[in-house]
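Okay, structure first, notes after.
Every read-out reported here was derived from the displayed coordinates using simple, explicitly stated rules and does not represent laboratory data. Here the structure is a predicted model, which means the values were calculated and not measured. Using ideal geometry, Cβ is built from the backbone for each residue, glycine included, and neighbour counts are taken over all protein chains shown.
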Amino acid sequence: MMRVVLTAAAIALASPAMAETAPDAATLAAARELMQVTDVQGQMRALGPRMAESMGQQMRQMFKDDTMPEGLRTELTAAMQAYVGSMDSYFTPAFIDQLATIYARHFTVDELRRVTAFMKEPVMVKFRAETPAMIAEMLPLTFEAMKPGQQQFIAKIKQIVADWIARHPEDKAKLRSPTAS
């Protein structure tokens with residue numbers, strides 16, 4: 001079910017990258033400094049275990065009285081911890097540099113320096129430190145808030161795909177799961 005939602009979101013957000021001029025060296029350097037100050041990898045390291053716990057809570061809700069069979073819980077917990085425990089490894093220097101390039105395209109060097117200075121303020125240091133815990137608290141609320149429309153959304157996505165395949169049967173082979181339609 002979540003795979004369908006994520007696939008639909010990926011398709012909706014995917015578009016060819018527009019040709020952009022490369023930012024100048026000073027702006028890119030300022031953006032890189034911002035990435036360093038915000039410590040993306042550290043944020044992911046702190047967020048990972050909390051995300052795993054939130055996902056575990058969501059999975060437990062699939063069972064009566066939120067009681068998941070112990071063996072299943074153990075296997076799912078191990079898989080989630082392995083996945084989220086490695087999340088910060090996805091944020092390689094090359095990836096972070098790509099993020100910096102995006103910031104450099106959207107902000108001037110002066111704006112980036114101002115944001116970086118602000119991110120160094122004690123209140124922002126605290127904000128970054130507290131964010132992983134706050135997100136972990138917010139995730140269950142977000143999932144719960146999305147529930148009312150989730151089934152309808154998933155049904156709509158499945159119907160759109162089924163209708164597409166009915167009109168374009170040659171595309172059925174392109175689906176990861178031929179039974180998905």
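General observations
- When Rg/Rh (Cα atoms, Kirkwood Rh) is calculated for this entry, the matching label among (i) 1.05; (ii) 1.01; (iii) 1.23 is (i).
- The label point for A129 and the one for E111, both projected 7 Å from the Cα toward the Cβ, are 3.0 nm apart.
- Separation of the K174 and T142 label points, Cα + 7 Å toward Cβ, nm: 3.0
- Taking a straight Cα-Cα cut-off under 16 Å and skipping sequence neighbours fewer than 8 places away in the same chain, the lysines within cross-link reach of K156 are K147.
- Projecting the Cα atoms of A79, V40, Q57 onto the dipole axis of the range 14-109, where Lys and Arg carry +1 and Asp and Glu carry -1 at the beta carbon, places Q57 farthest toward the positive end.
- Among 158-169, 44-55, sorting by the average number of other beta carbon atoms lying within 10 angstrom of each residue, highest first, gives 44-55, 158-169.
- Simple label model, 7 Å out from Cα along Cβ direction - D97 to Q152, nm: 4.7
- For the pair E33 and F118 in one chain, pulling the backbone fully straight at 0.36 nm per residue adds 29.4 nm over the alpha carbon distance.
- Highest-first packing order for the peptide set 146-155, 76-85 is 76-85, 146-155, based on the mean count of other beta carbon atoms within 10 Å.
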